[in-house]
1. Does segment 121-129 contain at least one residue that is under 14 Å from the mean Cα position of the chain (by Cα), at pLDDT 95 or above and either closer than 21 Å to D222 by Cα or surrounded by fewer than 18 Cβ atoms within 10 Å (Cβ to Cβ) (or both)?
2. Provide a single number: the residues in segment 111-134 that are of a type in the set (A, V, I, L, M, F, W, C), under 23 Å from I182 (Cβ atoms) and more than 11 Å from the ligand (Cβ to nearest atom).
3. Please go through (1) at negative phi; (2) in contact (Cβ under 8 Å) with a residue 60 or more places away in the chain; (3) not aliphatic (A, V, I, L, M) for G102 and return the number of the only condition it doesn't satisfy.
4. Could you list, in sequence order, all residues of segment 140-160 that are under 18 Å from L185 (Cβ atoms) and either touching a His at 6+ places or on another chain (Cβ under 8 Å) or without any contact (Cβ under 8 Å) to a residue 60 or more places away in the chain (or both)?
5. Please work out if D207 is among the acidic types (D, E), over 17 Å from S116 (Cβ atoms) and in contact (Cβ under 8 Å) with a residue 24 or more places away in the chain.
6. Looking at segment 243-261, can you tell me whether even one residue there is in contact (Cβ under 8 Å) with a residue 12 or more places away in the chain, of a type in the set (V, I, T) and on the phi < 0 side of the Ramachandran plot?
7. Give, as residue ranges, the helices (runs of 4 or more DSSP H) completely inside segment 1-97 that count at least 1 residues that are within 15 Å of the ligand (Cβ to nearest atom) and closer than 18 Å to A122 by Cβ.
8. Do any strands (runs of 3 or more DSSP E) lying entirely in segment 154-226 carry at least 2 residues that are surrounded by fewer than 17 Cβ atoms within 10 Å (Cβ to Cβ) and at pLDDT 95 or above, and which ones are they?
Amino acid sequence: MKILVTNDDGVYAPGLWAAVRGLRQVGEVHVVAPDREQSGVGASLTLHHAVRVRQVTVEPELSDEGEANYPVTAYAVEGTPGDSCVLALEQLVGKVDLVVSGINRGSNLGWDVMVSGTVGAAIQGYVRGYPTLAVSVGSVQNPHFDGAARLVQLIAHQLMEQPPQSGFLLNINVPSAPLGQITGLQVTNLGNRSYGETVREEGFGHDKRYWIARNRAILDGDQEGSDMWALRQNRISITPLHLSLCHQEMIASVESLFASIPAQLLGRQD
Ligand code: MN
């Protein structure tokens, strides 16, 4: 089994290597990840300049095929998480059996999937038809990666035993707790808005600038069955995602709202 591991926290992030250590017991692991922290860049790609890639030396323990372990290779990309996944699948690694993005330090719940670099990288696996996991743990401070690493290993093992007929994208959030304190696993809906932004102004005149932070947790709207709800119950949340953002139910009302526009725009006197 051939597995691509990428992330948005950067190629040296401990969460990524926690995933690698679990996954190399299931198949050969290829790490292709940004050379620095890129959280919050979403699915952005670098299209206006060339992107450099360099091979990263993995710890000696990870470079040889020990007993029941497969080899690991790693590349650092001077670009976004999305760039990393595109370069891996199109050029550096080629076809894989599984794409894993993470393990991210901090949850990616509800509408946060729109700005998440972890999900942004995963989307590039999904659109190419691969089984793809975006994996995060629920805490930025002192995150516990053990539960998430074990979960990813178990999922990879199951996919190897029963190869899926088509690709998919699962957004997985694991409580940041020792494995024994996780209370279950729930397949969930995507919740609503989980974080609000605050803006802080500094400087004066031409030197005026603004800091945007996403530091206001929004706790309403996380109805039972949502990803936020599951994580708050200390359960693992698995949300299947797709990319159909079109709001089907609104099509008729938008048509009637703007019914007179075509005539005005095109100057017809119908
Ligand atoms: Mn991140």
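The values are calculated or read from the model by the stated rules, or taken from the named source; none is laboratory data. Values in this document were obtained by computation on a predicted structure and should not be read as measured data. Reconstructed Cβ throughout: ideal geometry from the backbone, glycine too, with neighbour counts over all protein chains shown.
1. yes
2. The total comes to 3.
3. With (1) at negative phi; (2) in contact (Cβ under 8 Å) with a residue 60 or more places away in the chain; (3) not aliphatic (A, V, I, L, M) applied to G102, the lone miss is (1).
4. Within segment 140-160, H144, L154, I155, Q158 meet the criteria.
5. It is false that D207 is among the acidic types (D, E), over 17 Å from S116 (Cβ atoms) and in contact (Cβ under 8 Å) with a residue 24 or more places away in the chain.
6. Within segment 243-261, none of the residues are in contact (Cβ under 8 Å) with a residue 12 or more places away in the chain, of a type in the set (V, I, T) and on the phi < 0 side of the Ramachandran plot.
7. Helices (runs of 4 or more DSSP H) meeting the threshold: 14-23, 81-87.
8. Per the criteria, 184-187, 195-202, 209-217.
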